[in-house]
Amino acid sequence: MRGLFPVMVALIAPVTGHAVERKNAATVSISSSAIMIDGDDRLTPADYARANRLSTAQLATRFGATGIVSCGGAVGTGQLVGADNVVVTAAHVLFAPDGKARASSCVFALDAGGRRQVVELRLDGVISGSRSPYAFPAIRDWAVAPLAAPVAGAHPYRLARTMKVPGAIVLAAAARGTHENPSLQDCRARQVTAEGEGMREVAIDCDAEGGASGAALLDRQGDFLGVYVGFRSTHPGTAGPFSMQHYNFGVTADGDLRQAVTEVVNRGRQLSANR
């Protein structure tokens, strides 16, 4: 499947042999399926640190910029990229099927600097691939949002040069369903499934479910490679091997997405300099 067919968000009975595409923002009214590749290999951050012999400081520096985005009834994942007041997530976490913002106030929550910080997203400053992400190809389902204030003590992800496909990645998510439940997973970018706007849509063999929308795709050093969007599967909710009928996917931090991050970061610096 090339990723240019309509995105479905309601419960759907899959037609045999045809993959159902769904964007995974968890809301009180949308049921979302867990797409597990073989089995659930996600680890808590603490378990990931132990498995990879990372200290607490290394864990926070490399993988500690991912937090929760709450927007109306939607719960997704977002992360600081490029600056401590710039969040990257999936557009459908912020925008509903009618193209309107899911709420008048959306927030980003992250544990950083030894405390919980909850900061409002400035929706009037969002740059996105589309503000109607359900009506366009999934490669446009990304958003870069300035925050009303910086997250003190955070270690934002740096933009990586580019994602290698195939290649190793780390999926950093903050929620499972509507509940905060951070996880990290070593997995792989497997195949390019679409291209456009200077970006690539990439099938990945990471495990994910509702609440993971907007999660970071990172390299092993914690540099930002892209953002998780959703899944396509002929058997959503049932684990199975990776195939073009059963996979999660994201978009790379290239082209328009990379330019948007740079623009929002520079805009924030200019505002700070003028104060």
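The values are calculated or read from the model by the stated rules, or taken from the named source; none is laboratory data. This is a predicted model, so every value here is computed, not measured. Here the Cβ positions follow ideal geometry from the backbone for every residue, glycine too, while neighbour counts run over all protein chains shown. Each accessible area value is taken on the protein alone, full model and side chains, heavy atoms only, with ligands, DNA and RNA left out. Shrake-Rupley method; radii C 1.70, N 1.55, O 1.52, S 1.80 Å.
For the chain, DSSP calls about 95 percent of its internal beta bridges antiparallel. Figure note: H246, H179, H155 ranked by solvent-accessible area, largest first, 1.4 Å probe, ligands and nucleic acids not counted: H179, H155, H246. Take the Cα of R53, step 7 Å toward its Cβ, do the same at E120, and the gap between the two points is 4.8 nm. Couplings 3J(HN,Hα) of segment 199-209, computed from phi: 10, 10, 8, 10, 6, 10, 9, 6, 9, 7, 7 Hz, in residue order, whole Hz [Karplus 6.51 cos²θ - 1.76 cosθ + 1.60, θ = phi - 60°; x for Gly and Pro]. Of all the options A172, A138, A148, the one that moves most in a Gaussian network model of the chain with Cα springs shorter than 10 angstrom is A148. Full extension of the chain segment joining S104 with K164 gains 17.8 nm, where the gain is 0.36 nm per residue of separation less the Cα-Cα distance.
Just checking the listed ones, R200, R122, R232: in the Gaussian network model of the chain with Cα springs under 10 Å, the one fluctuating most is R122. All Cα-Cα separations within segment 131-275 were binned at 10 Å from zero, giving a P(r) of 11, 39, 36, 12, 2, 0, each value a whole percent of the pairs.
For segment 219-236, putting each phi into the Karplus relation 6.51 cos²θ - 1.76 cosθ + 1.60 with θ = phi - 60° gives couplings of 8, 5, 8, x, 8, 7, 9, x, 10, 6, 10, x, 9, 9, 7, 7, 9, x Hz, in residue order, rounded to whole numbers and with x for Gly and Pro. Between the beta carbons of A148 and T262, assuming R0 = 25 Å, the FRET efficiency works out to 0.75 to the nearest 0.05.
Whole-Hz Karplus values for segment 127-137 come out as 10, 9, x, 6, 8, 10, x, 7, 9, 10, x Hz, taken residue by residue from phi with 6.51 cos²θ - 1.76 cosθ + 1.60 and θ = phi - 60°; glycine and proline positions read x. Rounded, prolate or oblate: which one fits segment 125-187, using the alpha carbon gyration tensor with axes a ≥ b ≥ c (rounded when a/c is under 1.5, else prolate when a/b beats b/c, else oblate)? Rounded shape, in that the Cα axes give a/c under 1.5. Normalising the average separation of contacting C-alpha pairs (under 8 angstrom, six or more residues apart) by the number of residues puts the relative contact order of segment 134-231 at 30 percent.
Structural descriptor for segment 186-262: relative contact order 32 percent, calculated from alpha carbon pairs under 8 angstrom and at least 6 residues apart. One quarter of the surface of the convex hull around the alpha-carbon atoms of segment 192-275 equals 7.1 nm², the direction-averaged projected area. Amide H contacts under 5 Å for Q79: G67, V88, restricted to partners 5 or more places along the chain or on a different chain, H placed in the peptide plane at 1.01 Å from N. Working note: Cα atoms of the chain, range along each principal axis, descending, whole Å: 59, 44, 34. Distances between every pair of Cα atoms in segment 44-128, grouped in 5 Å steps from 0 to the bin holding the largest one, split as 3, 13, 23, 22, 15, 11, 7, 4, 1, 0 percent.
For the residues G237, G76, G226, a GNM of the chain with alpha-carbon springs under 10 Å puts the largest fluctuation on G237. Relative contact order, whole percent, for the chain stands at 26, derived from Cα pairs under 8 Å and 6 or more residues apart. Of the accessible area of the chain, computed with a 1.4 Å probe over protein heavy atoms only, carbon and sulfur atoms account for 50 percent.
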